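Right, one structure below, let's go through it.
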Amino acid sequence: MSHPAGNPSGHPSGRAGRGLEGRLALVTGGTRGIGNAIARRLLEAGARVVITGRDSAGAEKAAQELVQSGGECRGVALDVSRFDDVQETVKGLEKELGPFAILVNNAGITRDDVVMRMKEEDWDAVLSTNLKGSFACAKAVIRGMMKQRWGRIISVTSIVGGMGNIGQANYVAAKAGAEGLTRTLAREYASRGITANAVAPGFIDTDMTRAMEEAARARLMGQIPMERFGQPEDVAGAVVFLASDEAAYITGQVLHVNGGMLM
Ligand SMILES: NC(=O)c1ccc[n+]([C@@H]2O[C@H](COP(=O)([O-])OP(=O)(O)OC[C@H]3O[C@@H](n4cnc5c(N)ncnc54)[C@H](OP(=O)(O)O)[C@@H]3O)[C@@H](O)[C@H]2O)c1
């Protein structure tokens with residue numbers, strides 16, 4: 001893994017006792033947006049972090065940028081929708097780095113259209129990445145977590161998973177499904193010291209929402225009591241809390257981070 005110059009311990013200097021020292025974390029889709037902020041906060045908390053993106057150049061570049069402020073981070077190419085690749089890649093990484101203690105299922109895409117016009121391939125692409133990808137990653141890391149008798153599986157879902165949203169049947173179904181997956185993981189592995197929770201962001205300022213039309217963004221803004229889109233760091237703080245020992249007795253929950261948009 002990359003180390004900051006002059007800091008062979010791999011931990012950011014000057015911040016002792018940050019809670020996640022020695023934990024190995026996998027953050028899917030850490031190349032930008034929310035996943036990137038999560039990776040940064042996990043590094044600041046002392047975890048070693050592996051981020052993934054769909055191409056290796058992008059993932060490696062993002063990892064290099066992340067370690068500039070310290071810590072150990074690796075960027076690997078991994079398309080989470082490819083089930084066998086996920087199992088093999090995780091196996092290879094664990095052989096080299098040890099078992100993962102924290103999984104953040106963050107990788108996600110949208111392919112919006114109303115049901116009448118939505119293509120089968122758009123349904124499949126979104127479900128494969130946003131839902132099957134979370135199952136594939138959870139399955140890949142569970143055994144290692146069980147051996148440690150400690151694990152955190154945190155899935156980034158969405159406010160729309162509980163509300164529905166026009167033009168997003170595929171995305172909403174995937175996010176609602178990921179919350180169901182979370183509750184089942186929580187029940188199956190609670191006795192092994194593994195918690196599973198979801199963080200459901202409202203509207204966050206990233207590439208995903210920048211792609212929306214200005215009129216749609218303005219309409220949404222009117223529904224947010226805090227009168228702003230969230231920042232990726234707003235979501236990252238909630239994820240790092242759920243990854244910490246402070247959250248040891250919290251499992252099967254959905255933590256909403258939405259500026260009051262849904263209460
Ligand atoms: N932004 C919001 O308002 C909002 C609200 C609620 C929930 N969310 C959720 O938050 C998560 C992150 O969203 P974001 O806004 O940060 O999105 P983003 O800026 O579009 O970033 C998406 C990330 O996912 C990665 N990714 C996409 N498909 C992948 C695949 N098949 N395998 C591996 N990585 C993949 C991308 O990496 P590469 O492009 O490098 O492959 C990128 O790092 C998503 O699950 C999204 O649904 C976002």
Check your understanding: What pairs from LYS61/LYS139; LYS91/LYS147; LYS61/LYS119; LYS91/LYS119; LYS61/LYS147 go past 24 Å between their alpha carbons?
Key -> LYS61/LYS139; LYS61/LYS119; LYS91/LYS119; LYS61/LYS147
**Study point:** Zone of GLU188's modelled label, taken as backbone nitrogen in region 143-172 under 20 Å from a point 7 Å along Cα→Cβ
**Key:** 143-157
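Find, among the trypsin sites (Lys or Arg not before Pro) in region 157-263, those assigned to loop by DSSP (not H, G, I, E, B) with at most 15 other beta-carbon atoms within 10 angstrom.
Taking region 157-263 and a limit of 15 other Cβ atoms within 10 Å, the loop trypsin sites (Lys or Arg not before Pro) found are ARG228.
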Practice item. Take the Cα pairs of the chain, get the Kirkwood Rh, then feed it into Stokes-Einstein at 10 °C and 1.306 mPa s and tell me D in µm²/s. Key: 86 µm²/s
Review point. If you place +1 on the Cβ of every Lys and Arg and -1 on the Cβ of every Asp and Glu, how big does the dipole about the Cα centre of the chain come out, in debye to the nearest 20?
Key: 700 debye
**Study point:** Residues with amide H under 5 Å from that of LEU103, placed H, sequence gap 5 or more
**Key:** LEU26, ARG152, ILE153, ILE154
Exercise for review: Of the options LEU181, THR251, PRO201, report the single residue whose Cα projects farthest towards the positive end of the charge dipole of the chain (beta-carbon charges: Lys, Arg +1; Asp, Glu -1).
Suggested key: THR251
Exercise for review: Give, as a single signed number, the net charge of other residues whose beta carbon lies under 14 Å from the beta carbon of LEU181, with Lys and Arg counted +1 and Asp and Glu -1.
Suggested key: +3
**Study point:** Centre separation in Å (Cα based) which lies between region 58-130 and region 133-210
**Key:** 13 Å
Exercise for review: Could you provide, to the nearest whole Å², the per residue accessible area of region 24-256 with probe 1.4 Å?
Suggested key: 46 Å²
Study note, to complete from the structure: Excluding ligands, DNA and RNA, the carbon-plus-sulfur percentage of the accessible area of the chain with a 1.4 Å probe reads 50 percent
Check your understanding: Fully extended, how many nm does the chain gain between LYS139 and ARG18 (0.36 nm per residue separation, minus their Cα-Cα distance)?
Key -> 40.7 nm
Point to revise | Estimated inter-spin distance, GLU227 and GLU120, nm [label 7 Å along Cα→Cβ] | key: 4.9 nm
**Study point:** Of all DSSP beta bridges in the chain, antiparallel share, percent nearest 5
**Key:** 5 percent
Review point. Stretched out fully, how many nm does the piece from ALA248 to ASP207 gain, at 0.36 nm a residue minus the Cα gap?
Key: 11.5 nm
Check your understanding: Which aspartates and glutamates does LYS132 reach when only Cα atoms under 15 Å apart count, and residues fewer than 8 places away in its own chain are ignored?
Key -> ASP79, ASP84, ASP85, GLU121, ASP122, ASP124, GLU179
Review point. Can you list residues whose amide H is under 5 Å from ARG74's amide H, if they're 5+ apart or on another chain and H is modeled 1.01 Å from N?
Key: VAL49, VAL50, ILE51
Revision key, fill the gap. Of the DSSP H helices in the chain, the ones reaching 18 Å or more along their long axis in Cα terms and averaging at least 0.0 in Kyte-Doolittle hydropathy are 133-148
**Study point:** Separation in nanometres of the label points that stand 7 Å from Cα toward Cβ, at ALA215 and SER56
**Key:** 4.6 nm
Point to revise | Which of MET221, ALA211, PHE135, positive extreme of dipole for region 24-256 (C-beta unit charges) | key: PHE135
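The values are calculated or read from the model by the stated rules, or taken from the named source; none is laboratory data. For clarity, every value in this text was computed on a predicted model and none was experimentally measured. Glycine gets a Cβ as well: all are built from the backbone with ideal geometry, and neighbour counts include every protein chain shown. For accessibility, only protein heavy atoms count, side chains too; no ligands or nucleic acids. Shrake-Rupley method; radii C 1.70, N 1.55, O 1.52, S 1.80 Å.
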